[in-house]
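Colleague: Following this message is one structure expressed as structure tokens.
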């Protein structure tokens with residue numbers, strides 16, 4: 001009996017590589033989930049929904065967006081890290097979860113350097129500084145002057161502790177020497193709602209949700225965080241041009257799979273996404289979201305990009321005095 005068990009075990013072990021290769025070759029055979037680690041309505045959610053129809057067409061199986069928000073996007077990102085490495089659970093990870101959180105949080109439920117298989121850098125995500133019209137400032141210089149003359153009067157909203165909205169505001173505070181009260185929310189949309197209502201003075205917002213309110217006169221936009229103007233709002237200058245010369249940064253969205261996902265599966269996903277992101281209508285959708293489509297970069301190079309971004313954003317977190325604060 002024992003001999004039979006040993007033989008059966010050896011046979012199973014010998015067959016496993018063949019089975020694994022067959023699964024890789026047949027991938028996908030069922031629905032794929034792309035986690036958006038922010039609530040519906042924000043820029044990362046919108047980016048996911050711009051890509052999933054084309055992904056489904058090219059892969060031959062539906063790709064659905066699942067919103068798992070909370071803790072500065074770490075909840076949804078951790079869900080992907082803990083998923084089976086079979087290519088059926090992906091996440092649109094961002095600079096917040098992979099580059100900011102490692103320094104901001106005392107402990108993370110994942111390791112950005114080890115727990116993911118990067119697939120495709122999809123887009124860069126500049127943010128927009130917007131404020132309620134009741135704030136007596138129509139320029140960055142006026143805002144800084146008002147803040148310094150009225151300490152304790154200004155507040156800023158964010159999508160949660162450790163979110164890019166949070167860090168952009170802290171960087172702005174550091175570079176301009178002003179003080180503002182942080183009011184965190186669970187996502188960009190509820191934060192912006194309270195800025196529009198006048199409950200909070202201002203925020204660094206995803207352009208996709210802020211720009212329509214700016215055009216409607218419900219918010220005033222003072223600048224964008226990137227060095228270049230964004231295509232959908234070319235009339236709004238970079239902050240670097242209007243009083244904060246060293247402010248030049250943007251977030252990003254990158255699709256990643258769990259670590260140990262097979263190379264052929266990662267390659268198939270990358271090829272599908274690369275094809276989608278070269279289409280003019282998809283590029284237009286991304287530009288209309290206030291983002292900048294990312295140039296193609298091989299999957300093998302993306303971990304180095306993540307590592308360098310961890311260093312860059314880690315310095316921002318430390319300069320803001322927020323290291324290990326969450």
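Colleague: Restricting the search to region 139-173, which residues are closer than 15 Å to residue 242 by Cα, touching a strand residue (DSSP E or B) at 6+ places or on another chain (Cβ under 7 Å) and surrounded by fewer than 20 Cβ atoms within 10 Å (Cβ to Cβ)?
Modeller: Scanning region 139-173 gives a single hit, 139.
Colleague: For a quick check of your reading: which strands (runs of 3 or more DSSP E) sit entirely within region 31-150 and have at least 1 residues that are within 30 Å of residue 311 (Cα to Cα) and over 19 Å from the mean Cα position of the chain (by Cα)? Spell out the reasoning first.
Modeller: Details: elements: 32-36, 63-67, 89-94, 116-125, 128-131.
Here the list reads 128-131.
Colleague: Just name the residue that is modelled with the lowest pLDDT out of those in region 151-175 that are touching a helix residue (DSSP H, G or I) at 6+ places or on another chain (Cβ under 9 Å) and part of a loop (DSSP other than H, G, I, E, B).
Modeller: That would be 162.
Colleague: Which of the following residues is out of contact with any strand residue (DSSP E or B) (no Cβ under 8 Å at 6 or more places or on another chain), under 22 Å from residue 113 (Cα atoms) and not assigned by TED's automatic domain parsing to the domain that holds residue 211: 50, 78, 36? Spell out how you get there, then give the answer.
Modeller: Values: 50 fails: under 22 Å from residue 113 (Cα atoms); 36 fails: out of contact with any strand residue (DSSP E or B) (no Cβ under 8 Å at 6 or more places or on another chain).
Checking each option against the conditions leaves just 78.
Colleague: With the condition kept exactly as written, say whether any residue in region 125-136 is free of Cβ contacts under 8 Å to residues at least 24 places away in the same chain, assigned by TED's automatic domain parsing to the domain that holds residue 224 and at negative phi. I'd like the intermediate steps shown before the answer.
Modeller: Pass one, region 125-136, residues free of Cβ contacts under 8 Å to residues at least 24 places away in the same chain: 136.
Right, trim to assigned by TED's automatic domain parsing to the domain that holds residue 224 and you get 136.
Next cut, at negative phi only: 136.
Yes, some residue in region 125-136 is free of Cβ contacts under 8 Å to residues at least 24 places away in the same chain, assigned by TED's automatic domain parsing to the domain that holds residue 224 and at negative phi.
Colleague: Oh, and also: In region 277-286, is there at least one residue being modelled with pLDDT under 90 and either not assigned by TED's automatic domain parsing to the domain that holds residue 81 or not in a strand (DSSP E or B) (or both)? Lay out the reasoning, then the answer.
Modeller: Filtering region 277-286 down to residues modelled with pLDDT under 90 leaves none.
There is no residue in region 277-286 that is modelled with pLDDT under 90 and either not assigned by TED's automatic domain parsing to the domain that holds residue 81 or not in a strand (DSSP E or B) (or both).
Colleague: Only one of these conditions is not met by residue 297: (1) in the same structural domain as residue 88 (by TED's automatic domain parsing); (2) touching a residue at least 12 places away in the same chain (Cβ under 8 Å); (3) not in a loop (DSSP other than H, G, I, E, B). Which number is it?
Modeller: The number of the failed condition is (3).
Colleague: Now for a separate question. Among the candidates 178, 236, single out the residue that is surrounded by fewer than 18 Cβ atoms within 10 Å (Cβ to Cβ) and in contact with a helix residue (DSSP H, G or I) (Cβ under 9 Å, 6 or more places away or on another chain).
Modeller: The conditions single out 178.
Colleague: Follow-up. Could you check residue 71 against (1) surrounded by 18 or more Cβ atoms within 10 Å (Cβ to Cβ); (2) at negative phi and say which number it fails?
Modeller: Of the numbered conditions (1) surrounded by 18 or more Cβ atoms within 10 Å (Cβ to Cβ); (2) at negative phi, the odd one out for residue 71 is (2).
Colleague: Let me ask something else about it. Is at least one residue of region 259-267 surrounded by fewer than 18 Cβ atoms within 10 Å (Cβ to Cβ) and either in contact with a strand residue (DSSP E or B) (Cβ under 6 Å, 6 or more places away or on another chain) or not assigned by TED's automatic domain parsing to the domain that holds residue 39 (or both)?
Modeller: Start the filter on region 259-267 by keeping residues that are surrounded by fewer than 18 Cβ atoms within 10 Å (Cβ to Cβ), which leaves 259-260, 263-264, 267.
Of the ones still in play, those that are also either in contact with a strand residue (DSSP E or B) (Cβ under 6 Å, 6 or more places away or on another chain) or not assigned by TED's automatic domain parsing to the domain that holds residue 39 (or both) are 259.
The answer is yes, given that some residue of region 259-267 is surrounded by fewer than 18 Cβ atoms within 10 Å (Cβ to Cβ) and either in contact with a strand residue (DSSP E or B) (Cβ under 6 Å, 6 or more places away or on another chain) or not assigned by TED's automatic domain parsing to the domain that holds residue 39 (or both).
The values are calculated or read from the model by the stated rules, or taken from the named source; none is laboratory data. Everything numeric in this text was worked out from a predicted model, so none of it was measured. No Cβ is skipped: glycine too gets one built from the backbone with ideal geometry, and neighbour counts run over all protein chains shown.
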